[in-house]
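The values are calculated or read from the model by the stated rules, or taken from the named source; none is laboratory data. Only a predicted model underlies this, so the values are computations on that prediction, with no experimental measurement involved. Methodologically, a virtual Cβ is constructed for each residue, glycine included, from the backbone with ideal geometry; neighbour enumeration extends over all protein chains shown. With ligands, DNA and RNA removed, areas are computed over all heavy atoms of the protein, side chains included. Shrake-Rupley method; radii C 1.70, N 1.55, O 1.52, S 1.80 Å.
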Amino acid sequence: MTKVRVSMEVNQQMRDAQIEPRLLLVSFLREELGLTGTHVGCETTNCGACTVLLDGRGVKSCTVLALQAEGKKVTTIEGIGTAENLNPIQLAFWEKHGLQCGFCTPGMILASYELLEAEPDPDEKVIREALSGNLCRCTGYVNIIKSVKYAAKLRKKGMRGMRKGAA
Amino acid sequence: MNPKSFEYHAPKSVAEASSLAEEYGMDAKFLAGGQSLIPLMKLRLLSPSHLIDLGRIPGLSYIRDEGNHLAIGAMERIAEIARSDLVRKQCPILSQCAHQIADPLVRNMGTIGGNLSHADPTNDMPAVMVAAGASIVAASGQGSRVIPAGDFFVDTFTTALKGTEILVEVKMPIGPTRRGAYLKLERQAGDFGIVGVAAVLEMSSDGRCVAAGIALTGVGPTVVKATRAGEILKGVELDKNTIDRASRAAAEEAQPSGDLRGSAEYKRAMVEVMTSRTIQAAARRQAER
């Protein structure tokens, strides 16, 4: 099958590759670019573990062709913070125990990122609605919601954070 | 889980897309947002040899107030419809429906044109279009035509579109005398509904219902127009007895089949409950104004 060229901006870096048209965005990110922070969960558009931002909007990258991201900006979990300089949302999930196994967390954080960009001070109902496409199978959602509320506070203060013991 | 291999086409105009569809015929599928098509391709339920991506055709994403209707471009994302102030003010039923489709992430990719063209009987938008008497604009290289929503949905996954035609715009009637609501019963967030009901009422100044459109999601091979239910509401005041009779009629007009979301009997019972709630919600919308 003929390969085609795709180019997009991933975490503020231009990336291009020759790919099979059927390549999914999640596979492009993980297998072509080695960005394995984006997880493959259900593969059926349910769980949201593969959530990335496409031009600032959260999408399930297992249900997007890499070619649909042509010319667009993609942000993955690797693009919003590092171990030494955590994004406030990452810091908040850490502080409020918003994860247990961590598998759903990249998706939870990116969906929260989109929400907080649009609504800096969301109430619980709004948070629950915004995260309704992201499933967590271990903690339940109470601590995740606490984390997003706390992240909103940290963002207001302009706080980023360092991973404990990272130095 | 990956789709089978296919050739990818990214036309820059509707005419070009249409001529590609003519060239490849039944081996080709149009791609809009892909939120229904890509899952089907990953499950290998559908394996087109040619995929014609409509995503790079400029000028198909818009919401415009054209006086007696909202014109919505086929590639407008469901999320944009859900967050549009114009839609919320001028056509609350559409806003309400958009908020209930799948989940926020799917809505960010999914488009109104894809939702309608896919013609899944459990998709929510078709009922809203049929209840409201919307029009659908189909275009090909040879020009365009307007198809009433009531004639558009032919069968499961089957519309009145010809192979070379592309849904390019939806015309959603609006006006100060129209009140609409869409409610659905679902097992869990993001799942397809068990039953959905769209109700659009045309009200006179003295509070009578002049005309009504009722349409049902998930209880037939395609969207079901509950014609008798609409007729019962016509020309009368919307008291409890009238709403009960219309809801019973809608339940009788439903053609449910049993599946993992419930038995046919259960779904029919839920159509009655949900129709009653939806008519009341639409009527309440009037009182709020």
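Being open to solvent by less than 40 Å² (accessible area, probe 1.4 Å), within 14 Å of chain A (Cβ to nearest Cβ), within 13 Å of the chain's Cα centre (by Cα) and β-branched (Val, Ile, Thr): is that true of B:Ile101 here?
Taking the combined requirement at face value, the residue satisfies it.
I want to confirm something. Restricting to segment A:86-100 and keeping residues that are under 16 Å from the mean Cα position of the chain (by Cα) and open to solvent by 50 Å² or more (accessible area, probe 1.4 Å), which single residue is farthest from the other protein chains (Cβ to nearest Cβ)?
Across segment A:86-100, the extreme among qualifying residues is A:Trp94.
Go through segment B:135-158 and give me each residue that's assigned to a helix (DSSP H, G or I) and open to solvent by less than 40 Å² (accessible area, probe 1.4 Å).
Those that are assigned to a helix (DSSP H, G or I) and open to solvent by less than 40 Å² (accessible area, probe 1.4 Å): B:Ala149, B:Phe152.
All but one of (1) closer than 14 Å to B:Glu16 by Cα; (2) more than 8 Å from chain A (Cβ to nearest Cβ); (3) open to solvent by 40 Å² or more (accessible area, probe 1.4 Å) hold for B:Ser47, so report the exception by its number.
(1)
Counting only residues that are more than 19 Å from B:Gly258 (Cβ to Cβ) and assigned to a loop (DSSP other than H, G, I, E, B), which one in segment B:194-221 is most open to solvent (accessible area, probe 1.4 Å)?
B:Ser205
Take the residues of segment A:55-67 that are open to solvent by 20 Å² or more (accessible area, probe 1.4 Å) and assigned to a loop (DSSP other than H, G, I, E, B): which is nearest to A:Leu24 (Cα to Cα)?
A:Asp55
Enumerate the pairs (first residue in segment B:144-162 and within 23 Å of B:Tyr24 (Cα to Cα); second residue anywhere and in a strand (DSSP E or B) and open to solvent by 80 Å² or more (accessible area, probe 1.4 Å)) with beta-carbon separation below 9 Å, excluding pairs fewer than 6 apart on the same chain, so at least 6 apart or on different chains.
That search, which allows pairs on different chains as well, returns B:Ala160/B:Val154.
Could you list, in sequence order, the residues of segment B:1-29 that are within 13 Å of another protein chain (Cβ to nearest Cβ) and within 18 Å of B:Leu116 (Cβ to Cβ)?
B:Lys29 - this is the single residue of segment B:1-29 that is within 13 Å of another protein chain (Cβ to nearest Cβ) and within 18 Å of B:Leu116 (Cβ to Cβ).
Only one residue in A:Val52, A:Val40 is among the aliphatic types (A, V, I, L, M), open to solvent by less than 30 Å² (accessible area, probe 1.4 Å) and not assigned by TED's automatic domain parsing to the domain that holds A:Met108. Which one?
Step by step, each of A:Val52, A:Val40 is checked, and only A:Val52 is among the aliphatic types (A, V, I, L, M), open to solvent by less than 30 Å² (accessible area, probe 1.4 Å) and not assigned by TED's automatic domain parsing to the domain that holds A:Met108.
Here is a list of conditions, (1) assigned to a helix (DSSP H, G or I); (2) in contact with a Pro (Cβ under 7 Å, 6 or more places away or on another chain); (3) crowded, with 21+ Cβ neighbours inside 10 Å, and B:Ile279 meets all of them except one; can you say which number that is?
Every condition holds for B:Ile279 apart from (2).
Kindly indicate whether any position in segment B:62-72 is open to solvent by 20 Å² or more (accessible area, probe 1.4 Å), among the hydrophobic types (A, V, I, L, M, F, W, C), farther than 26 Å from A:Leu24 by Cβ and more than 9 Å from chain A (Cβ to nearest Cβ).
Looking through segment B:62-72, at least one residue is open to solvent by 20 Å² or more (accessible area, probe 1.4 Å), among the hydrophobic types (A, V, I, L, M, F, W, C), farther than 26 Å from A:Leu24 by Cβ and more than 9 Å from chain A (Cβ to nearest Cβ).
Go through segment A:68-85 and count every residue that is in contact (Cβ under 8 Å) with a residue 40 or more places away in the chain, under 15 Å from the mean Cα position of the chain (by Cα) and open to solvent by 20 Å² or more (accessible area, probe 1.4 Å).
5
Within segment B:251-271, identify whether any single residue is crowded, with 19+ Cβ neighbours inside 10 Å, among the hydrophobic types (A, V, I, L, M, F, W, C) and in contact (Cβ under 8 Å) with a residue 60 or more places away in the chain, and answer yes or no.
Yes; the residues of segment B:251-271 include at least one that is crowded, with 19+ Cβ neighbours inside 10 Å, among the hydrophobic types (A, V, I, L, M, F, W, C) and in contact (Cβ under 8 Å) with a residue 60 or more places away in the chain.
What is the residue count in segment A:101-126 for residues that are touching a residue at least 60 places away in the same chain (Cβ under 8 Å) and either open to solvent by less than 10 Å² (accessible area, probe 1.4 Å) or not assigned by TED's automatic domain parsing to the domain that holds A:Arg137 (or both)?
3
Look through segment B:25-44, keep the residues that are open to solvent by 40 Å² or more (accessible area, probe 1.4 Å) and among the basic types (Lys, Arg), and return whichever of them is farthest from B:Pro3 (Cα to Cα).
B:Lys29
Go through (1) more than 13 Å from every other protein chain (Cβ to nearest Cβ); (2) part of a loop (DSSP other than H, G, I, E, B); (3) under 15 Å from the mean Cα position of the chain (by Cα) and name the single condition A:Gly34 misses.
(3)
A:Leu29 - would you say it is more than 16 Å from the chain's Cα centre (by Cα), open to solvent by less than 10 Å² (accessible area, probe 1.4 Å) and outside the structural domain of A:Cys136 (by TED's automatic domain parsing)?
So A:Leu29 fails the test.
For segment B:1-24, which residues satisfy the criterion of being open to solvent by 40 Å² or more (accessible area, probe 1.4 Å) and either assigned to a helix (DSSP H, G or I) or aliphatic (A, V, I, L, M) (or both)?
Scanning segment B:1-24 gives B:Met1, B:Ala15, B:Glu16, B:Ser19, B:Glu22, B:Glu23, B:Tyr24.
Hey, among B:Lys225, B:Lys240, which residue is farther than 25 Å from B:Ala98 by Cβ and of a type in the set (Lys, Arg)?
After applying the criteria, what remains is B:Lys240.
Could you run through segment A:8-26 and say how many residues are assigned to a loop (DSSP other than H, G, I, E, B) and either open to solvent by less than 20 Å² (accessible area, probe 1.4 Å) or within 13 Å of another protein chain (Cβ to nearest Cβ) (or both)?
4
If B:Met172 satisfies all but one of (1) away from chain A (no Cβ under 14 Å); (2) touching a helix residue (DSSP H, G or I) at 6+ places or on another chain (Cβ under 9 Å); (3) not in a strand (DSSP E or B), what's the number of the condition it fails?
It fails just one condition, (3).
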